[in-house]
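The values are calculated or read from the model by the stated rules, or taken from the named source; none is laboratory data. All of these numbers come straight from a predicted model, not from anything done at the bench. Don't worry about glycine lacking a Cβ; one is built from the backbone with ideal geometry, like all the others, and counts go over all protein chains shown.
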Amino acid sequence: MKYRRILSVWFPRLGAERLLRQAPHLVEVPFAVVRESGQVQTLSSLSRAASRAGLYRDQPLRDAHAMCADLLTRPQQAHHEAAFLDALHRWAGRFSPRVAPEPPDALLLDLTGCAHLFGGEEALMARVAQDCTDMGLSVRMGAADTPGAAWALARHADTAPESHRNGDAIDQEARATRSRAGKRRHWERGGAAAPAVVTTPGRTGRIAAMGGTEAAISPLPIAALRVDAETVAQLSRVGLRRIGDLLDQPRAGLARRFGRPLLEQLDRAMGFVTEPLSPRNAPRRFATRLSFPDPIGLEEDMAAALDRMIPRLCIALKQQGYGARTLRLEAHRTDGIMQWVNVSLAAPSREADRIAPLMRMKLGDFEAGFGIDMLRLEAIRHEPLRETGPAGPAFSARRNGADMAMPDLIGRLGARIGLDAITRRHPGDSHIPEKGSVTLAAAWSEPAKDWPEPPRPRPVLLWRPEPVMAPDHPRLAETFRWRRREYRVTGRRGPERLSPEWWLDDPDWRSGQRDYWQVEVASGERLWLFYAHGWLMSSGWFCQGAFA
C-alpha cells in the first residue's frame, strides 16, 4: 500500500518575528503584535522573550502590560503578514512542488516522492529547520500520512492533555471511585500519556511512522483534531481527553452526543476519509532593491539608482517571459518611514527605455527627510509577454515601433494625470441613443476597429434630454422655446420612433416611446428633438443633441 506523506510547517511566531527581522536589536526584549478584536486589543503573536515573561497568545493587552511593564507592541498588519507567508510559500517550493498555504501562519507540503532527494524525511526537516533558523523564524513541523495528523503533530506533539477538574473536585469524589481509579494505568487517569511511535529530529518536528498514524496521534489531546473549544471541554468532562480515548468509544454514541463534525475530523486525521490538499503555485514576485552606504536625498541620485535597478528588473521579467504593467518604487528613509509611488503602463513592457522615463517623472513626489538609505522597485502587476509572434522578427519590430507609440503616449499622460482619466469610446450594442457607445479606460482596452453605421444620422453632441416649451402634440409647432431662447423652425426631418428596452427599467425612458426629429432653425442650428408619448411620466417635447 502506498501512503501519502504530508509535512505541516507551522510558524508559531510569524507576526512578531517578521517585524523582529527588521529590528534585530529587539530580539531580547519582550515584543508582541497587537490585534484589534472589536473593542478589545489582544496579543496575536509574541516573541520568545515575551513568552518567557509569561505572556500568551490572545491575552488582552491590558493584562499583558500589567504582567510585563517592559512589553513593546506593534499593531498587526494582516496584509503584510499574508505577503510574508507568500514569500515563505515560494521558499518552500524547493522542497516540494505541491505546497498549499494555510493562512495565517502555516504551510502544507506534499512530500510524496520528494523526501529521498534530501536523504529522507528527517534530513529534509532538519534542512527546513536550519533554513528557518537562518531566517530568524521559529518553526514547528509534523510529518504523517494525512494532513490532519501532520497538523496535529506540528502543534500538539508536546502538549499534554488537560483536565477540566481541579484538585478540590477530585477530593470530593467518593473513596471507592478513587480506589478503582488507582488500579488503572497511570496515563488513563490523567498522568503522562503512553509513548507514541514518533521519531524526533531535534525539538522542532515530529514524524509519524508510515502507516502508524493511529499510534502517533493517540496520545495527543483532542484539540489536535481541529474541533472547537466547547466540544473539547464537553469531552473532557466525561473523561475523554486524548484522541486514543475516542478510538475506543462507540461511534454512534459519540455522534449522538457530540455531533458528526467530531467524527468527521477524527476520520480525516486517521485517513478513513481522504482530506484533499489544495496546492497552488506561489505568486510570482519580480523585485529588486539597492542599499546605499550613505543616505541620499537628491533626485539626481535617485535617478542614477533607477538606472541600475530598472535593467535588473527587466532582465528578471524577460527570463520568465513577463512584462510589467504596474510598478511600485519604495523609498525607505533613515527615520523608519517608507514612501512609495505606483506607475502604470498602458501595455505590458520589460524594456528599460520605456519604463525609466515614467519612473523619473514620479521622483519629485518623494520627500527625502533625513535621507533615503534603500530603494526597492517591484512589478506589482505583470502579464505574460511574448517576445516574438507568429510573424517572427517582423512582429517584434512592429510592436516595438509604431504599435507602441500610442501606449507610450498613454503611459506618459497617465503618469501625470492617472491612467483612469484617459478613456476611449467603443460602439455599444443598443438602439438607445445614449447607449450607442461605451467609455473604456484607454490603458486596458484596444482601439475600436469598426464602427457600425447607424440606421439614421446621429448628432455629434449628445446630452441628457432637456424640456422644450412647445404644444403637447406629436407635430412640432413652427416656433418653440428652449434654453430661454425662441427658435423658429425652417425645416424638419422625421420621425424616427424608438421604444425603450422592455427588459430594463431605465428612469430616463419612463416617458414611453419617442419620435425623434432633425430640426433646422432660423439661426442655422440643427437640433435633435423628440416627442415623448408618455407612460409613467407626462408626454412632451425634449431636446437631446445637436448635429454638426
Report, by residue number, each residue of region 282-315 that is among the basic types (Lys, Arg) and part of a helix (DSSP H, G or I). ARG308, ARG312
State whether one or more residues within region 95-105 are assigned to a strand (DSSP E or B), buried (at least 21 other Cβ atoms within 10 Å of the Cβ) and aliphatic (A, V, I, L, M). yes
Does region 276-290 contain at least one residue that is closer than 30 Å to ALA143 by Cα, in contact (Cβ under 8 Å) with a residue 24 or more places away in the chain and more than 22 Å from the chain's Cα centre (by Cα)? no
Looking only at residues in region 208-260 that are of a type in the set (Asp, Glu) and within 36 Å of the chain's Cα centre (by Cα), which one is surrounded by the most Cβ atoms within 10 Å (Cβ to Cβ)? ASP228
So which of GLY259, GLY205 is modelled with pLDDT under 90, within 30 Å of GLY93 (Cβ to Cβ) and of a type outside the set (Val, Ile, Thr)? GLY205
Could you list all residues from region 1-39 that are buried (at least 21 other Cβ atoms within 10 Å of the Cβ), farther than 18 Å from ALA106 by Cβ and not aliphatic (A, V, I, L, M)? PRO30, PHE31
Filtered residues of region 316-370 (kept if in contact with a strand residue (DSSP E or B) (Cβ under 9 Å, 6 or more places away or on another chain) and assigned to a helix (DSSP H, G or I)): ALA316, LEU317, GLN320, ARG354, ILE355, LEU358, MET359, LEU363, ASP365
Sort through THR112, THR133 and tell me the only one that's surrounded by fewer than 22 Cβ atoms within 10 Å (Cβ to Cβ), in a loop (DSSP other than H, G, I, E, B) and either touching a residue at least 40 places away in the same chain (Cβ under 8 Å) or more than 26 Å from the chain's Cα centre (by Cα) (or both). THR112
Here are some residues: VAL468, VAL489. Which one is free of Cβ contacts under 8 Å to residues at least 60 places away in the same chain, assigned by TED's automatic domain parsing to the domain that holds ASP515 and either out of contact with any helix residue (DSSP H, G or I) (no Cβ under 7 Å at 6 or more places or on another chain) or surrounded by 16 or more Cβ atoms within 10 Å (Cβ to Cβ) (or both)? VAL489
What's the total number of residues in region 236-260 that are in contact (Cβ under 8 Å) with a residue 24 or more places away in the chain and under 20 Å from VAL273 (Cβ atoms)? 6
On the basis of being part of a helix (DSSP H, G or I), without any contact (Cβ under 8 Å) to a residue 40 or more places away in the chain, closer than 30 Å to SER37 by Cα and among the acidic types (Asp, Glu), does ASP86 make the cut? no
Would you point out which residue out of LEU266, LEU277 is closer than 26 Å to ALA208 by Cα and assigned to a helix (DSSP H, G or I)? LEU266
Can you pull out every residue in region 262-273 that is among the aliphatic types (A, V, I, L, M) and modelled with pLDDT of 90 or more? LEU262, LEU263, LEU266, ALA269, MET270
Using beta carbons and a limit of 8 Å, which pairs, at least six apart or on different chains, have the first residue in region 45-62 and assigned by TED's automatic domain parsing to the domain that holds ARG74 and the second one of a type in the set (Lys, Arg) and part of a loop (DSSP other than H, G, I, E, B)? SER45/ARG13; SER45/ARG57; LEU46/ARG13; LEU46/ARG57; SER47/ARG13; ARG48/ARG13
Scan ARG483, ARG475 and give me the residue that is charged (D, E, K, R) and closer than 16 Å to ASP515 by Cα. ARG475
Pull up region 340-361, narrow it to residues that are surrounded by fewer than 18 Cβ atoms within 10 Å (Cβ to Cβ) and among the charged types (D, E, K, R), then point me to the one that is nearest to ALA415 (Cα to Cα). ARG360
Kindly indicate which of ALA192, ALA176 is modelled with pLDDT under 90, surrounded by fewer than 15 Cβ atoms within 10 Å (Cβ to Cβ), assigned to a helix (DSSP H, G or I) and out of contact with any Gly (no Cβ under 7 Å at 6 or more places or on another chain). ALA176
Quick one: count up the residues across region 406-449 that are assigned to a loop (DSSP other than H, G, I, E, B), touching a residue at least 12 places away in the same chain (Cβ under 8 Å) and not hydrophobic (A, V, I, L, M, F, W, C). 5
What's the total number of residues in region 363-382 that are under 28 Å from ALA442 (Cα atoms) and crowded, with 17+ Cβ neighbours inside 10 Å? 6
Hey, ALA143 hits all of (1) of a type outside the set (D, E, K, R); (2) in contact with an Asp or Glu (Cβ under 6 Å, 6 or more places away or on another chain); (3) modelled with pLDDT under 50 but one; which does it fall short on? (3)
